[in-house]
Every structure is written in structure tokens, then in C-alpha cells.
Amino acid sequence: MMTNQTRKRMLQMLSKPERAAYLFISPALIILLVFTVVPLLATLAISTLRLDIFLKGATFVGLEQFEKLLSDDRFWNALKNTVYFTAVEVPLQIVLSLLAAVYVAKNTRFRKLLRSAYFLPYICSFTAIGIVWSFLLDPQTGLYPHYLHELGLPRLEFLRDPDLAMPSIVLMSLWRNFGYTTIILVAGLQSIPDSYYEAAELDGAGKVKKLLHISVPMLMPALGFSFVITTIQALQVFDPIFVTTQGGPLNRTETVVLYIYNTGFKSAPFDLGYASAVSVVLLVLVMAATLTMNAYFNRKESSL
């Protein structure tokens, strides 16, 4: 039973807004601590050990795992594939989402339906989408190779050709994710006052000029958020590659996250220490990209 003194202290604590705020956010802070901060610190610690997945024979090696990265050709190949995927997928997604958002921003019944259709793939599991697309692109039984054959063209092996595998995954990711970015940009467009566009029309501005000189500058906060989120997702791409190509052919689609999985959990000797070191490098890469883009878009917003 709670005593009167304890009850009085709790009421005194809750009477101060700052303390009450900390009390209400404490569950979220505990979850963040347990599932983010602790695993992160554990990864940093394991990256300095020689340790397998069975947690046997741990040996402290300091920075040896990071030195090993410098001469690991497979890691550099995975990093190159990750950067390629990000550099192609993110700009395409932003541009396509911006064009789609401009078209569906008006609140007509048909355009509301289009927003839902664009967003629908995003709520589906990326793993399930990867499985479906692997069937669609199969050179023997796939729908799209069949259409090519009917047109008199060769049946392309989209996910088995070293030159086509990564572009195919980029298009798969673009199809799945651009609806989410479109909805964010639609919200940004709808917050722009109509008076800006009316004034531009009086000055004789066309659709392209209104897009470039009103919509894009006023969308800078939404664009900045979209760039950051899509870049983080692209740098950590795993699901579609895991279920379609497994990093092949010839490791042309193996990304950093897939390499971490293969090194630590799939292939002997299950080097958990080295996989953790690669994870730390990926963390630094994601942080550097995020901070750089945040700084850039903050300058853009402050100059408006």
C-alpha cells in the first residue's frame, strides 16, 4: 500500500511540468536504452574481440579487426555496391516522388485513390515483395521475360545477369518505397499557401517555374527529411537482396549489411567480432551521411 508521504511526494513531483514530462517519456527512454544503446555498446565491445557466434574463446585484439578491413576486397566490393545502390535509388526516388506528389496533391477523389495506390506497396513486407518480384523476373516462368519473348526480344535474366541484377533491385526498391516519400511531399505541398501560386500566375509564371521557384524551395524541410530517411534505408538495404539474389551473381549485389550477415551468421567460421567491426564502419558511414545532409538542408532552410 502506498503511504500518504509517498503519495504526497509523487504529487509534488508531478506538479512540476519538467519532472512530469520525464516520467511520461521514461517508458520510451527505457525501450530506447534496452534495444538501441545497449546493443550499440555491445557491438562496439565485440568489434575489439576475436569471437565466434557461439561466444566461445573470446580474445581481445583491439583494432585488429578494423585493420583487416583495409585489405578485405570483399568488404570494399560490398561497400561499392551499397554506395552504388544509394547513389542511384535515392535521387530517382526523390525525383519520382516529387513529380507524383505534384500531380496527386489536389484533393480530388481520383487523386486520393492514386495516393492510396502509391502508398500500398510500402505497407507490405519487403521480404514478401522480393519473393513476388523474383517470380515475376524469373527468366523461365516470369511475367516480364514472357512479355519480352512475345515482343520478339530475348528473355532477360534480370536477377541472374551481373549487369542487370543491381538495377533490377533498384527498380524493385523504388517501386516499393516511392509512395511513402510521395505522401510526405504531398503533405508539404498542401501546406504551401495558394496565394504564392496565384501571385506567380499574375506574373506569368508557368507550371515549371512555379515548381522550381515556389514548390521546391518551400518543400525544403520535407525534402530534407525524405533525403535523410531514404539514404539511411538505402545504406542498410538487405531484405530484397537476401530473398532474390543472395548477393550474387558474382557478389555484384552483396551490400554491407548482407556481408555482415554472411560473415557473422551464415559462413564458417562465424566471425562475430569481424562482423561487428563492419557494423561499426557502417554506423559511421550512416552517421556521416546523415549529419552532412542535415547540415546542408538546415543551411538551405535558413536561407529561405
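Bear in mind these aren't lab numbers, they're just calculated from the coordinates by the rules spelled out. These numbers come from a predicted model, not from an experiment. Cβ: placed from backbone, ideal geometry, glycine included. Neighbour counts: every protein chain shown.
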Exercise. Quickly work out the HIS149-to-THR59 label distance, labels modelled 7 Å from Cα along the C-beta direction, and quote it in nm with one decimal.
Key: 5.5 nm
Quiz item: If we count trypsin sites (Lys or Arg not before Pro) as exposed when they sit in a DSSP loop and have at most 16 other beta carbons within 10 Å, what is the longest stretch of the chain that avoids them all?
Solution: 161-304
Quiz item: In µm²/s, what is D for the chain at 37 °C and 0.692 mPa s, where D = kT/(6 pi eta Rh) by Stokes-Einstein and Rh is the Kirkwood radius from Cα pairs?
Solution: 142 µm²/s
Practice problem: Just rank THR290, THR255, fewest to most, by other beta-carbon atoms within 10 angstrom. | Solution: THR290, THR255
Quiz item: Label 7 Å along Cα→Cβ of ILE192; the stretch 74-110 residues with amide nitrogen under 13 Å?
Solution: 98-106
Quiz item: LYS80: which aspartates and glutamates have alpha carbons under 13 Å from its alpha carbon, excluding same-chain residues fewer than 8 sequence positions away?
Solution: ASP72, GLU254
Self-check item: Segment LEU171-VAL208, extension gain: residue separation times 0.36 nm, minus the distance between their alpha carbons
Solution: 10.7 nm
Quiz item: For the pair THR290 and LEU23, how long in nm is the line joining their label points, each one 7 Å along Cα→Cβ?
Solution: 3.1 nm
Quiz item: If you stretched the chain out fully between LEU250 and PHE238, how much longer would it get, using 0.36 nm times the residue separation minus the C-alpha to C-alpha distance?
Solution: 2.6 nm
Practice problem: Could you pull out every one of the aspartates and glutamates with an alpha carbon less than 16 Å from that of LYS106, ignoring same-chain neighbours closer than 8 positions? | Solution: ASP194, GLU198
Exercise. Place +1 on the Cβ of every Lys and Arg and -1 on the Cβ of every Asp and Glu in the stretch 63-302, take the dipole about the Cα centre, and give the residue among LEU70, PRO269, LEU235 whose Cα lies farthest towards its positive end.
Key: LEU235
Practice problem: Please check which bits of the stretch 248-290 a label hung off SER71 would reach, taking the label as a point 7 Å along Cα-to-C-beta and the cut-off as backbone N under 12 Å. | Solution: none
Quiz item: In whole Å, what are the Cα extents of the stretch 171-216 along the three principal axes, biggest one first?
Solution: 42, 19, 10
Quiz item: Considering only GLN93, LEU164, GLY179, whose Cα is most displaced toward the positive end of the charge dipole of the chain, charges sitting on Cβ of Lys, Arg (+1) and Asp, Glu (-1)?
Solution: GLY179
Exercise. Give, in nm to one decimal, the length gained when the segment between THR141 and LYS80 is fully stretched (0.36 nm per residue of separation minus the Cα-Cα distance).
Key: 18.8 nm
Exercise. For LEU49, enumerate residues with amide H under 5 Å from its amide H, sequence gap 5+ or separate chain, H modeled in the peptide plane.
Key: VAL61
Self-check item: Residue order, fewest to most beta carbons within 10 Å, for SER302, SER97
Solution: SER302, SER97
Practice problem: Please find the FRET efficiency linking LEU41 to ALA200, where r is the Cβ-Cβ separation and R0 is fixed at 51 Å, and quote it to the nearest 0.05. | Solution: 0.45
Quiz item: Helix-derived [θ] at 222 nm for the chain: sum -39500 (n - 2.57) over DSSP H runs of at least 4, divide by residue count, nearest 500?
Solution: -21500 deg cm²/dmol
Quiz item: Which order results if ASP203, ASP161 are arranged by neighbouring Cβ count within 10 Å, fewest first?
Solution: ASP203, ASP161
Quiz prompt | Spatial separation of Cα centroids for the stretch 174-196 and the stretch 244-276, in angstrom | solution = 36 Å
